[in-house]
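J.: Can you keep this structure in mind? I'll have questions shortly.
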Amino acid sequence: MYGIIATWRMALEGVTRADQMLKDHADAGDAIEAAIRDVEDFEYYKSVGYGGLPNEEMQVELDAAYMDGDTFDIGCVAAIKDFANPVSIARKLSKEPVNNFLVGAGAEKYAHKMGFERKNMLTERARIHYHNRLKEVQELELKPYSGHDTVGMVCLDDNHHMVAATSTSGLFMKRAGRVGDSPISGSGFYVDSEVGGASATGLGEDLMKGCISYEIVRLMKEGLHPQQACEQAVSRLDEQLKRRRQKAGDLSLIAMNNKGEWGVATNIEGFSFAVATETEAPEVYLVKFDE
Ligand code: SD4
């Protein structure tokens, strides 16, 4: 059995490409990297890679991660500027014996040394979004971008190998140096080939409070189906946040187990995701918050 699941409609083309690769017996790591690069390279996706929305200083700072579910190798970059494919840098870092999570200038130095492609990631369209938003926030209190589009994926190949990966420009107008959940193991992603994997999108500051991707994998390990695990983890964190802090940020999760069964849950009005498995053609679905 093979399969791949990803956050948001924007991942469909990448998922379709990965599905084809998996059909041809590709490794899950190669398939997920190709799928995420596809999203990073497309300039009209506003929260990932090229064309990603800038921080409050009009700089595009990117976060990404890669985790191998067989070896537990993890590589992450945060607040990295001017490199085309942060997910590939994260994957490369996952192979290092130590120094697996690099931020800012250190991450850029590493990427340069390893020969990764440099690119100015700020597009004209993102610059216009920034200036429009700046006008609004000069009068209002600075708020994070209300939509969100981090790409997070979990992939299983026909060798029972599982991987998870993420890539994002984080919240629009974030502070310089701000890091979200996406490059943080257990929060933005987690995968164990003996169980399954999960990945998150939404308000990183709140997703981190529940270590929610790890929690979903833990629940699957206890025997829950990915759908039950996602629903339970999301509703519990949403409830806990509302009880203690009166409000919960956006929380949307995807998961797949090592049999290719998948699940999703959200606390927002409309969360789209893309999925393909050996028995299901690539498709996009929309899920809504179920009170
Ligand atoms: C973050 N979770 O940086 C990310 C934002 C996100 O789609 O999901 N955007 O907090």
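The values are calculated or read from the model by the stated rules, or taken from the named source; none is laboratory data. Keep in mind the model is a prediction, meaning the values are calculated, not measured. Ideal geometry is used to build each Cβ from the backbone, glycine not excepted, and the neighbour counts take in all protein chains shown.
J.: Does any residue in the stretch 230-251 that is closer than 13 Å to I268 by Cα and in contact (Cβ under 8 Å) with a residue 60 or more places away in the chain come within less than 9 Å, Cβ to Cβ, of a residue that is assigned to a helix (DSSP H, G or I) and within 16 Å of the ligand (Cβ to nearest atom) six or more places away or on a different chain, and which pairs are these?
T.: Close Cβ pairs (under 9 Å, with a partner that is assigned to a helix (DSSP H, G or I) and within 16 Å of the ligand (Cβ to nearest atom)) amount to D250/D206; D250/L207.
J.: If you don't mind, there's one more thing I want to ask. Out of I184, I89, I need the residue that is farther than 13 Å from L62 by Cβ and touching a helix residue (DSSP H, G or I) at 6+ places or on another chain (Cβ under 9 Å). Which one? So that I can check it myself, show each step before the final result.
T.: On the way: I89 fails: farther than 13 Å from L62 by Cβ.
When all the criteria are applied, what remains is I184.
J.: Here is a further query. For L122, state whether it is away from the ligand (no atom under 14 Å from the Cβ) and outside any loop (DSSP other than H, G, I, E, B).
T.: On the way: away from the ligand (no atom under 14 Å from the Cβ): yes; outside any loop (DSSP other than H, G, I, E, B): no.
For L122, the condition - away from the ligand (no atom under 14 Å from the Cβ) and outside any loop (DSSP other than H, G, I, E, B) - is not met.
J.: So if I check each of Y66, Y50, Y110, which one is within 17 Å of I184 (Cβ to Cβ), touching a helix residue (DSSP H, G or I) at 6+ places or on another chain (Cβ under 8 Å) and of a type in the set (S, T, Y)? Full working, then the answer.
T.: Details: Y50 fails: within 17 Å of I184 (Cβ to Cβ); Y110 fails: within 17 Å of I184 (Cβ to Cβ).
Exactly one of Y66, Y50, Y110 is within 17 Å of I184 (Cβ to Cβ), touching a helix residue (DSSP H, G or I) at 6+ places or on another chain (Cβ under 8 Å) and of a type in the set (S, T, Y), namely Y66.
Yes/no per residue for (1) within 21 Å of the chain's Cα centre (by Cα); (2) under 22 Å from T150 (Cα atoms); (3) buried (at least 23 other Cβ atoms within 10 Å of the Cβ):
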| position | (1), (2), (3) |
| --- | --- |
| S213 | yes, yes, yes |
| R218 | yes, no, no |
| K221 | no, no, no |
| Q228 | yes, no, no |
| S235 | yes, yes, no |
| R243 | no, no, no |
| K247 | no, yes, no |
| L251 | yes, yes, yes |
| N258 | yes, no, no |
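J.: Do we have G202 as touching a helix residue (DSSP H, G or I) at 6+ places or on another chain (Cβ under 6 Å), within 16 Å of the ligand (Cβ to nearest atom) and touching a residue at least 12 places away in the same chain (Cβ under 8 Å) here?
T.: On the way: touching a helix residue (DSSP H, G or I) at 6+ places or on another chain (Cβ under 6 Å): no; within 16 Å of the ligand (Cβ to nearest atom): yes; touching a residue at least 12 places away in the same chain (Cβ under 8 Å): yes.
So G202 fails the test.
J.: Do we find a residue being modelled with pLDDT of 95 or more, in a helix (DSSP H, G or I) and among the aromatic types (F, W, Y) anywhere in the stretch 261-271?
T.: Looking for residues that are modelled with pLDDT of 95 or more, in a helix (DSSP H, G or I) and among the aromatic types (F, W, Y), one finds none in the stretch 261-271, hence no.
J.: Moving on to the next point. So, in the stretch 95-112, exactly how many residues are surrounded by fewer than 24 Cβ atoms within 10 Å (Cβ to Cβ), of a type in the set (G, A, S) and more than 16 Å from G170 (Cβ to Cβ)?
T.: Going through the stretch 95-112, the residues surrounded by fewer than 24 Cβ atoms within 10 Å (Cβ to Cβ) turn out to be 95-106, 108-110, 112.
Next, from what is left, pick out any that are of a type in the set (G, A, S): 104-106.
With the extra rule that they be more than 16 Å from G170 (Cβ to Cβ), the set shrinks to 105-106.
Qualifying residue count, the stretch 95-112: 2.
J.: For D149, indicate whether it is under 26 Å from Y44 (Cα atoms), near the ligand (Cβ under 10 Å from one of its atoms) and free of Cβ contacts under 8 Å to residues at least 60 places away in the same chain.
T.: Values: under 26 Å from Y44 (Cα atoms): yes; near the ligand (Cβ under 10 Å from one of its atoms): yes; free of Cβ contacts under 8 Å to residues at least 60 places away in the same chain: no.
The answer is no for D149.
J.: Restricting the search to the stretch 167-199, which residues are within 13 Å of the ligand (Cβ to nearest atom) and closer than 12 Å to P54 by Cα? Break it down stepwise before answering.
T.: Just the residues of the stretch 167-199 that are within 13 Å of the ligand (Cβ to nearest atom), to begin with: 167-175, 177-184, 187-189, 199.
Matches in the stretch 167-199: T168, S169, G170, L171, F172, M173, K174, R175, G177, R178.
J.: Kindly indicate the residue of the stretch 1-58 that is among the hydroxyl-bearing types (S, T, Y) and modelled with pLDDT under 95 and also nearest to the ligand (Cβ to nearest atom) among those meeting that condition.
T.: Filtering the stretch 1-58 for residues among the hydroxyl-bearing types (S, T, Y) gives 2, 7, 16, 44-45, 47, 50.
Retained after the next criterion (residues that are modelled with pLDDT under 95): 44-45, 47, 50.
Values: Y44: 15, Y45: 10, S47: 5, Y50: 16 Å.
Taking the candidates together, the pick is S47.
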